[in-house]
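To keep things clear, I will list the structure first and then write my remarks on it.
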Amino acid sequence: MLSRLALRSVQEARPFLVAVRPTSTTAVNKATERDEVNFPRRARPVEPGKVRMGFLPEEWFQFFYSKTGVTGPYMFGVGLTTFLCSKEIYVMEHEFYTGLSIFVMAVYAIKKLGPGIANYLDKEIEDIEGSWVKYRQESVEGLKQAIEDEKKAQWEAEGQKILFDAKRENVALQLEAAYRERLATVHSEVKKRLDYQLETANVKTRIEQKHMVNWIVNNVKASITPAQEAAALKQCFADLKGLAPQSA
Amino acid sequence: MAARRIASSSIDWAAFASRVPAGQKNMFNAFKGKSDAYLRKVITLPESVPAINFAEYKARIPVAGMVDTFQKEYEALKVPYPADTVSQQIADVESAAAAEVQAFIKGSEARIAKLTEELGHWEAMIPYDQMTMEEWAEAFPEQAISMEKPTMWPHHPEDQPGYVAKEGAEH
């Protein structure tokens, strides 16, 4: 099968069981020791190699180009085929014609089904590789987030100092409140006593006044004799008669 | 001791609140409520002794000399400031808490160092599609085959001797 076996070694997907012997016991990242300038890393190729006519590698045509131009490889191919067929070095026998028919069917099948299967397989590879890459990205982000969270937790823990300042302030506030309460108590007690004295003095004055008034009135009433009463009544009648209108 | 008179809060509650971790918000709110109650009490009470109008009383009260005595004593009165008995306790608790915080910060720093190391390991890794299987084995040594610790067929973790299933693991 024509392939690039002629030009470079194949790097197929190795099976999982790869025996690897770490050559050092320290956690040295050998990847960093590579000379990237002279020996650049080969990335996994995404597209298949360029071919002409479905199976002839492009590199062969490039190889001929400098010496024979564009038509060189084709002429070489035609000449070689003619030589092989005419000299019967390549015998066209029954199996050849079978192979030819199969070849035609194969070309038809590949043209029809090839792209579909290729897309499907590419998607599968994308999924697998994508999941690895995603795991890597998520690990990195998770670690960064964890570092951030730790730093934040440290910063928060340092806020304890404010807590204790607040506690001391609370104690001071409570003491201040108690002091002010004491002042208020003193004031109210003194005021109560003074008010009491004031009230008793007021009550005493009021009672004396009332008593005096009553006593005076009673005495005056008692000192009115019957003769005085009769004379007063007569005087009242005379006044009334004088006030009454002169009626016939 | 000299009385430290205080009439308002000197704590930056906004800065304090921003430092409270999410799980302790309730405790912070309760604490703030108590502090606010103390402050309210201080503010509603008058700051110094209210004055009493002795002249008016002197005119009305007949008891000889009583108002004068009262006035003299009232003016001369010094109300003692309450003694502070808990500051020492606060200082003790504070120093214990400071020690705890230091221990926590040290543990946190150790964790950060470990995380940073892991982060460095991930970031120094080359992209997967440039790795060879050997480089993969160097990047993930615990997943690669090693001659020092060979695994038994069929090489699944749960088929190895001494395997302990994780709690709640799938079948």
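FYI, it's all coordinate maths here, none of it is from the lab. Quick caveat, the model's predicted, so the values are computed rather than measured. Cβ atoms come from the backbone with ideal geometry, glycine included; neighbour counts cover every protein chain shown.
Checking the cross-link filter: which lysines have an alpha carbon closer than 23 Å to that of A:Lys111, excluding same-chain neighbours under 8 positions apart?
A:Lys50, A:Lys123
Could you compute the net charge surrounding A:Asp149? Neighbours are other residues with a C-beta less than 11 Å from the C-beta of A:Asp149; K and R count +1, D and E count -1. Intermediate values should be presented prior to the final figure.
Values: positive: A:Lys144, A:Lys151, A:Lys152, B:Arg111; negative: A:Glu148, A:Glu150, A:Glu156.
Summing Lys and Arg as +1 and Asp and Glu as -1 gives +1.
Among A:Lys192/B:Lys41; A:Lys152/B:Lys114; B:Lys114/B:Lys149; A:Lys191/B:Lys41; A:Lys152/B:Lys41, which pairs are too far apart, with a Cα-Cα distance over 27 Å?
Distance filter (> 27 Å) returns A:Lys152/B:Lys41.
Between A:Glu158, A:Glu47, A:Glu126, find the one with the highest GNM mean-square fluctuation for chain A; connect C-alpha pairs within less than 10 Å.
A:Glu47
Taking other Cβ within 10 Å of each residue's Cβ, how do A:Glu229, A:Glu156 sort, fewest first?
Ordered by Cβ neighbours within 10 Å, fewest first: A:Glu229, A:Glu156.
Which residue fluctuates the most in chain B, going by a Gaussian network model with Cα springs under 10 Å, if the choices are B:Trp136, B:Trp153, B:Trp122?
B:Trp153
As an exercise, identify the trypsin sites (Lys or Arg not before Pro) in the range B:51-88 lying in DSSP coil whose Cβ has no more than 15 other Cβ atoms within 10 Å.
B:Lys78
Run the Debye formula on the Cα coordinates of the protein assembly as shown, all scatterers equal and no solvent, and tell me log10 I(q)/I(0) at q = 0.06, 0.10, 0.11, 0.14 1/Å.
-0.68, -1.06, -1.14, -1.35
How charged is the neighbourhood of A:Val133? Take every other residue with its Cβ under 12 Å from the Cβ of A:Val133, and add Lys/Arg as +1 and Asp/Glu as -1.
It works out to a net charge of -3.
Take the Cα of B:Ala15, step 7 Å along the line toward its Cβ, and report every residue of the range A:152-176 whose backbone nitrogen sits under 19 Å from that point.
A:152-170
Over every pair of different alpha-carbon atoms in the range B:85-141, take the mean of 1/r and invert it; report that Kirkwood radius in Å.
By the Kirkwood definition, the hydrodynamic radius is 15.0 Å.
Taking chain B as a Gaussian network, where each spring joins two C-alpha atoms under 10 Å apart, which residue of B:Asp92, B:Asp84, B:Asp36 fluctuates the most?
Fluctuation is largest for B:Asp36.
Using θ = phi - 60° and the Karplus curve 6.51 cos²θ - 1.76 cosθ + 1.60, what whole-Hz ³J(HN,Hα) does each residue of the range A:59-76 get, with Gly and Pro shown as x?
4, 5, 5, 5, 4, 7, 4, 5, 9, 10, x, 6, 8, x, x, 5, 4, 4
Which longest uninterrupted range of chain A lacks any trypsin sites (Lys or Arg not before Pro) assigned by DSSP to a loop state (not H, G, I, E or B) and surrounded by at most 16 other Cβ atoms within 10 Å? Walk me through the intermediate numbers first.
Working: sites that count: A:Arg8, A:Arg34, A:Arg41, A:Arg42, A:Lys50, A:Lys87.
The longest such stretch corresponds to A:88-248.
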